[in-house]
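Below: the structure, in structure tokens.
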Amino acid sequence: MIDRRAMLVGSLAALASGAAAQTPPPVARPGRPLVFAEPDETIDLWDPGPPEMAAAALVETVRERSTDPAYNDRIVLGISQPRMAVFRPARPNGAAVLIMPGGGYSWVVVDKEGYEMARLLAAQGITAFVLFYRLPGEGWALAGPNVALADAQRAMRLIRHRTGRYGLDRSKVCAIGFSAGGHVCADLLTRFATQVYPPDDAIDALSARPDAAAPLYPVISMSAPHAHAGSRRNLLGDNASPALERAHSPHLNVPADAPPCFLLHAEDDASVPVANTLLLHAALRARGIPAEMHLFPDGGHGFGLRLARGKSVEHWPGLFLAWGRYRGLWP
């Protein structure tokens, strides 16, 4: 394992030459056109890199799953430089949302639960940050199962650090996550104050607590019978102890100062049982945390925006935006 300080030596030459570009966002494969424009910019969470290097060198890989020319559906894995893709509205209203796409901790979805949501928010005046977080099964021994949470905490702090640049209000920074990204979101809203990486600079003195959070069709429980097997295996390994399962089941770790939440699930979800959302809702209520929950009879899993069309869950974005207005997050 190589400490991040060892990376400084290799970075000095680039800094001396004036190279300050951030790591670009994942791109479509050669020959595959982009249906929509890429994000305005990216922000690396750490410079020159995260607090540790992976045990083996990672090659960031982007795969396009869509064969329909009407949309892109990319996934990315092998992330060694965690970063945010920024979607800036024409007229920012001061609100920010950190988006954590899903992927079962096997990869991070780019378009379906990332960029598509970011474009919707930007159209509402909300500055959107799509988080490409590191995956726990790719050799991050120091952080282990906390590696995605470490990236989410750092991302929240970095957004608050840059509020002046983006015209944001530090008290209006929300988090939203889908599926396994919903687990990252729920982990963040329950363990925002848990130190999971060594403080690096003044940015890490800022709060990582989201002012509101929306885990959508989230992975929550890490124990049978409700755990999503793939996410549990990728996060905790095959032989996780009950104590480790408990430590990474957000509904068992809700603090008294958790933020208000918006919860959403389709009851016919065959991948992540709706019981996950019910468990989190009950835990939030037991702590007196405001939580608005919406359950729909159909929608399946991973519907995001595009795949919700024509189903009972289709109008969830309007409910989410109305909730944000009610909570005073945006006009």
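What is the list of residues in region 295-331 whose amide nitrogen lies under 20 Å from a point 7 angstrom out from the Cα of ASP268, following Cα to Cβ?
295-317
For MET293, list long-range residues whose amide hydrogen, built 1.01 Å from N in the peptide plane, is under 5 Å from its own amide hydrogen.
LEU263
Over the chain, calculate the relative contact order: mean separation of alpha carbon pairs under 8 Å at least 6 apart, over the residue count, as a percent.
So the answer I get is 14 percent.
At 18 Å minimum axial length over the Cα atoms and a Kyte-Doolittle cut of -1.0, report the qualifying DSSP H helices in the chain, or say none.
Qualifying helices: 147-161.
Where does the chain land on the Kirkwood hydrodynamic radius, alpha-carbon pairs, in angstrom?
19.8
How big is the dipole moment of the chain about its Cα centre under a simple scheme where the beta carbon of each Lys and Arg is +1, that of each Asp and Glu is -1, and everything else is neutral? Debye, nearest 20, please.
500
Tell me the net charge near LEU307. Cut-off is 15 Å between Cβ atoms, LEU307 excluded, with +1 for each Lys or Arg and -1 for each Asp or Glu.
Residues close to LEU307 contribute a combined charge of -4.
Take each of the peptides 112-118, 137-143, 212-218, average the number of other beta-carbon atoms within 10 Å over its residues, and list them starting from the highest.
The packing order, highest mean first, is 212-218, 112-118, 137-143.
Each value in this text was obtained by applying a stated rule to the coordinates, not by laboratory testing. It should be emphasised that the depicted structure is a prediction, and the values quoted were computed from it without experimental measurement. Every residue, glycine as well, gets a Cβ built from its backbone with ideal geometry; the counts of neighbours run over all protein chains shown.
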